[in-house]
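Single-structure report; data block below.
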Amino acid sequence: MLEIGTKAPDFTLPDKDGNPVSLSDFSGKKVVLYFYPRDNTPGCTRQACAFAGAFEEFKKIDAVVIGISKDSAASHQKFAEKYGLPFILLSDPELTAIQAYGVWQEKKNYGKVSMGVVRSTFIIDKNGVIEKVMPKVKPDTNAAEVLAYLQAGK
């Protein structure tokens, strides 16, 4: 997993409408980049809805919220429509950004070991440098923790 002070790897991935979005598009803004396992699963839905609920607060402090999973753009579109998600969702089926940020890791679930996305959040400063890394975040508290951090002006 990437560390604080590291230049955030740039990427270009399709959004829910199939339009290419690059991290570098947001130069000069704070970016909240969160990686999650799958659309429409209980934890991922709670996490996305929490970010959606705090979206206006993120906008007030000029922070961009981007969620990334390996789901397809079509899956993201349905997910965003179903839950009214106002932020950017990017599709990474080739694991380009997921692997670049080191969140594709071995996971254990009920004794079974498999590879998957470890729910993690990165806060990237206006210069494209990682200023905070939040590994293995909890879906119910992640958005509030990120917002509190940003509002504190760290």
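The values are calculated or read from the model by the stated rules, or taken from the named source; none is laboratory data. Predicted model, so just to flag it, every value in this text is computed and none were measured. With ideal geometry, Cβ positions are generated from the backbone for all residues, glycine too; neighbour counts draw on all protein chains shown. To get the accessible areas, we keep the full protein, side chains included, count just its heavy atoms, and leave off ligands, DNA and RNA. Shrake-Rupley method; radii C 1.70, N 1.55, O 1.52, S 1.80 Å.
Just a few scattered comments:
- Filter on K70/K107; K16/K59; K107/K138; K7/K107; K29/K107; K82/K107 - keep pairs with C-alpha separation over 22 Å: K7/K107; K29/K107; K82/K107
- Phi angles of region 74-90 translate, via the Karplus equation with coefficients 6.51, -1.76, 1.60 and θ = phi - 60°, into HN-Hα couplings of 5, 5, 4, 4, 5, 4, 5, 5, 4, 10, x, 7, x, 9, 7, 10, 10 Hz per residue; Gly and Pro are given as x.
- Segment V113-R38, extension gain: residue separation times 0.36 nm, minus the distance between their alpha carbons: 25.3 nm
- Projected area averaged over orientations for region 1-48, convex hull of C-alpha atoms, nm²: 4.6
- Relative contact order, whole percent, for the chain stands at 33, derived from Cα pairs under 8 Å and 6 or more residues apart.
- S24 versus S72: modelled label distance in nm, points set 7 Å from Cα along the beta carbon direction: 3.0
- Zone of D10's modelled label, taken as backbone nitrogen in region 116-135 under 17 Å from a point 7 Å along Cα→Cβ: 124-130
- Of the residues R119, R38, the one with the largest accessible area comes first in the ranking R38, R119, computed with a 1.4 Å probe on protein heavy atoms.
- Difference of contour (0.36 nm per residue) and Cα-Cα distance, Q99 to E145: 14.1 nm
- Probe 1.4 Å, all protein chains present, accessible-area order of S24, S69, S75, largest first: S24, S75, S69
- Taking every DSSP bridge with both residues inside the chain, close to 65 percent are antiparallel.
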